[in-house]
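Single-structure report; data block below.
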Amino acid sequence: MKATQNQQQDLLHLHTLATEIERTRLAITAIANSAELEAKRSEQLLLANELITNHNALEAVELELKRANEDLYLVEQRISRNTERLNATASPKDAQAIQSELGSLAKRQSELEDITLIVIDQQEQAAKALADVTARKAKTDEELASLENSGQKEVMKLQSAGSLLMQEFNALKAHIVPEHLDRYTKLLSRGVPIGRLVGRDCGACHMSLGASAYEAIISLPAEEFAACPDCSALLVRG
Ligand SMILES: [Zn+2]
């Protein structure tokens, strides 16, 4: 296939641009699917669930404490009323009954005080656990935002570079001879379509040409496209 040296270089450059555009596209995809970002998002989700669980646990224990305090208050009220009644009564029988009830109430008061102490301890533990998860989630939120932010900046840089490459690619493509472009497109569907001959090596498949194949290629007129005998890619000399 006939092509001036400039046309050969242009086609090679077109392929270099296409390769860079593809590399840019892959880099953008890699950032969006970054394992680090995925791991951080999963961590954030787990912590958000943990936060809800810890919040509910604290609420439950606070409710339990409120109930224990209310029960304790009622028992204390009854003790106070019964003590007044005991002081006021003249009947030994009534006094005995009141004292018996006071005994039961004192036992109940002691039980409730013990429960309250246990629940206060549980409340402290739950509040501590909640504060711990809240701090860990805040840290993860911050790390994720920072990762997303730097990822976004990187994607914007790549998009801008990709857009410039695409402009250059389209401008160059408009100047490529249709016959050359057709050949390039056909070869592209099978693998690397074009490469530079570096020494005896094909820039497309990186195989080293045999002596006779190399001789045949370098003896071709300069305005003739050479092809690699191994991979069929167009070979640009010089
Ligand atoms: Zn080759």
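Of the residues making up segment 178-217, those that are hydrophobic (A, V, I, L, M, F, W, C), within 18 Å of His13 (Cα to Cα), within 16 Å of the ligand (Cβ to nearest atom) and not in a loop (DSSP other than H, G, I, E, B) are Leu187, Leu188, Ile194, Leu197, Val198, Cys202. Taken as a whole, the structure leaves Leu147 outside the set of residues that are of a type outside the set (Ser, Thr, Tyr), within 16 Å of the ligand (Cβ to nearest atom) and not in a strand (DSSP E or B). Might you let me know whether segment 219-235 holds any residue that is at pLDDT 95 or above and over 22 Å from Leu11 (Cα atoms)? Checked against the condition, which is being at pLDDT 95 or above and over 22 Å from Leu11 (Cα atoms), segment 219-235 yields no hits at all.
Of all the criteria given as (1) surrounded by fewer than 17 Cβ atoms within 10 Å (Cβ to Cβ); (2) within 16 Å of the ligand (Cβ to nearest atom); (3) not in a helix (DSSP H, G or I), the one not satisfied by His175 is (2).
For segment 77-89, the criterion of being under 29 Å from Ile120 (Cα atoms), surrounded by 15 or more Cβ atoms within 10 Å (Cβ to Cβ) and touching a Ser or Thr at 6+ places or on another chain (Cβ under 8 Å) is met by no residue.
Every residue, every condition in (1) modelled with pLDDT of 95 or more; (2) within 17 Å of Glu142 (Cα to Cα), yes or no:
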residue: Ala18; (1), (2): yes, no
residue: Arg23; (1), (2): yes, no
residue: Ile28; (1), (2): yes, no
residue: Ile31; (1), (2): no, no
residue: Glu36; (1), (2): no, yes
residue: Ala39; (1), (2): yes, yes
residue: Ser42; (1), (2): yes, yes
residue: Leu46; (1), (2): yes, yes
residue: Asn49; (1), (2): yes, no
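To keep it simple, each residue is scored yes or no on (1) outside any helix (DSSP H, G or I); (2) touching a residue at least 24 places away in the same chain (Cβ under 8 Å); (3) under 23 Å from the mean Cα position of the chain (by Cα); (4) exposed (fewer than 12 other Cβ atoms within 10 Å of the Cβ).
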| position | (1), (2), (3), (4) |
| --- | --- |
| Leu14 | no, yes, no, no |
| Glu22 | no, no, no, no |
| Leu37 | no, yes, yes, no |
| Ser42 | no, no, yes, yes |
| Ala57 | no, yes, no, no |
| Val61 | no, yes, no, no |
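The values are calculated or read from the model by the stated rules, or taken from the named source; none is laboratory data. A quick note: this is a predicted structure, and the numbers were derived from the prediction, not measured. Reconstructed Cβ throughout: ideal geometry from the backbone, glycine too, with neighbour counts over all protein chains shown.
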